[in-house]
1. Is it the case, given these coordinates, that Gly171 is among the small types (Gly, Ala, Ser) and closer than 19 Å to Met235 by Cβ?
2. From Ala162, Ala149, which residue is among the hydrophobic types (A, V, I, L, M, F, W, C) and open to solvent by 30 Å² or more (accessible area, probe 1.4 Å)?
3. Answer yes if at least one residue in segment 208-226 is under 21 Å from Trp33 (Cβ atoms), among the β-branched types (Val, Ile, Thr) and modelled with pLDDT of 95 or more, and no otherwise.
4. Just give me the residues in segment 190-214 being under 12 Å from Cys161 (Cβ atoms) and of a type outside the set (S, T, N, Q), in sequence order.
5. Kindly provide the set of residues from segment 179-218 that are outside any loop (DSSP other than H, G, I, E, B), free of Cβ contacts under 8 Å to residues at least 60 places away in the same chain and open to solvent by 50 Å² or more (accessible area, probe 1.4 Å), ordered by number.
6. Restricting attention to segment 2-23, which residues are of a type in the set (A, V, I, L, M, F, W, C) and either open to solvent by less than 40 Å² (accessible area, probe 1.4 Å) or on the phi > 0 side of the Ramachandran plot (or both)?
7. Scan segment 359-368 residue by residue and report those that are open to solvent by 20 Å² or more (accessible area, probe 1.4 Å) and in a helix (DSSP H, G or I).
8. When segment 219-246 is examined, which residues are found to be under 23 Å from Pro9 (Cβ atoms) and either open to solvent by 20 Å² or more (accessible area, probe 1.4 Å) or not hydrophobic (A, V, I, L, M, F, W, C) (or both)?
Amino acid sequence: MSLIPFANPKRSYECLADEIHKAIQLVLTSGYWIQGQWTKAFAEAFAAYNGVDFCIPVANGTDALELALRALEIGPGDQVITVANAGGYSTTACRLVGATPVYVDNNPASMLMDIPDAVRACGSGVKAIIVTHLYGRMVDVARLIAALADRNLKVALIEDCAQAHGASLNGLKAGAIGDIGTFSFYPTKNLGAVGDAGALITKDPELSKKIQHLQQYGWEERFHSVTPHGRNSRMDEIQAAVLSIKLPFLDGWNRTRRQIVAEYKKCAPDFVRFFSSGDADSVDHLCVIEVENRDEIRNELALQGVGTAIHYPVLDFQQKSQLGLPQVIHNAKVAETINPNILTLPCFPEMTNDEIQTVCKALRNLTSTQRR
């Protein structure tokens, strides 16, 4: 039996195939495939969409996080606060620049970074906080900034928006509140390319200039390198063209995601707890639930045609690759308690009504005796 997948980027492409093919053909026939007009146009459109002045397209979301840290001059000996339940991407960026990750706990209601815990963890070695907007919901960055100011803590803020394209809080878009916002356009994202791609956004002209140097060999102008630790991280013109075609549809796709989550919530038994909110500010990149007896529930759903995934099965500091490397586990009680119980349901805007109703029926039919 074929299972409904948790995501299906091919359908996103198929919905806009004619427009995408035309754009790609224009790119190919132009003979200009890197740093061309499509990349410039997408950068301007994405900056405007997010209400910032600058957008720097790069090769992928992990590069975006690394370049953000380098632009803020974070390096060996520095500590960076992050969470352990967000897939390892912030940890990877810390390792690339030589910084030490400091793991703080999660809010049990949302599994987003716990703001009071993050503030408590801000010792003298902490130079930055990477705030991950997880599952399509935003951490209250303005509240975090205010809490840091109350304690006179000067800490740079990076918003990891890889799961939050178009999310907002109090009228401000994800990525537009902290010093730098980073994005991945991996194909399964709410705004996905047809390969790897990423971007950074900021309101700060000096940071923008520095990021532009860093993403291309430290160049201030061609073949004249002025900024240390530059590298090659460029979005190609085909990805920029695809993203330019898709961007006008993003808000509509996000509305559909919220509607799908709302349908699931109506049908799910009481013992299923949703971290995906379905509210107007969320973009519900993933529909993540908490259930005890996860493997049993997962098997029951599969028997009814519903595929699932786990985002993410291993906390960062528990990964074999991180054992023995410098890291600080400030607090992870909530993460360690809840992480074994999380499960991701199918949620993507191209789901058919039959598929949505199949998931709803499967949720109604769960036979577990678990109760919360």
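The values are calculated or read from the model by the stated rules, or taken from the named source; none is laboratory data. From a predicted model like this one, the values you see are computed outputs, not experimental measurements. Cβ placement follows ideal geometry from the backbone for every residue including glycine, while neighbour counts extend to all protein chains displayed. To get the accessible areas, we keep the full protein, side chains included, count just its heavy atoms, and leave off ligands, DNA and RNA. Shrake-Rupley method; radii C 1.70, N 1.55, O 1.52, S 1.80 Å.
1. no
2. None of the other options fit; the residue is Ala149.
3. no
4. Matches in segment 190-214: Leu191, Gly198, Ala199, Leu200, Ile201.
5. Those that are outside any loop (DSSP other than H, G, I, E, B), free of Cβ contacts under 8 Å to residues at least 60 places away in the same chain and open to solvent by 50 Å² or more (accessible area, probe 1.4 Å): Glu206, Lys209.
6. Result: Ile4, Ala7, Leu16, Ala17, Ile20, Ala23.
7. Lys361, Arg364
8. Ser233, Arg234, Asp236, Glu237, Ile238, Gln239, Ser244, Ile245, Lys246
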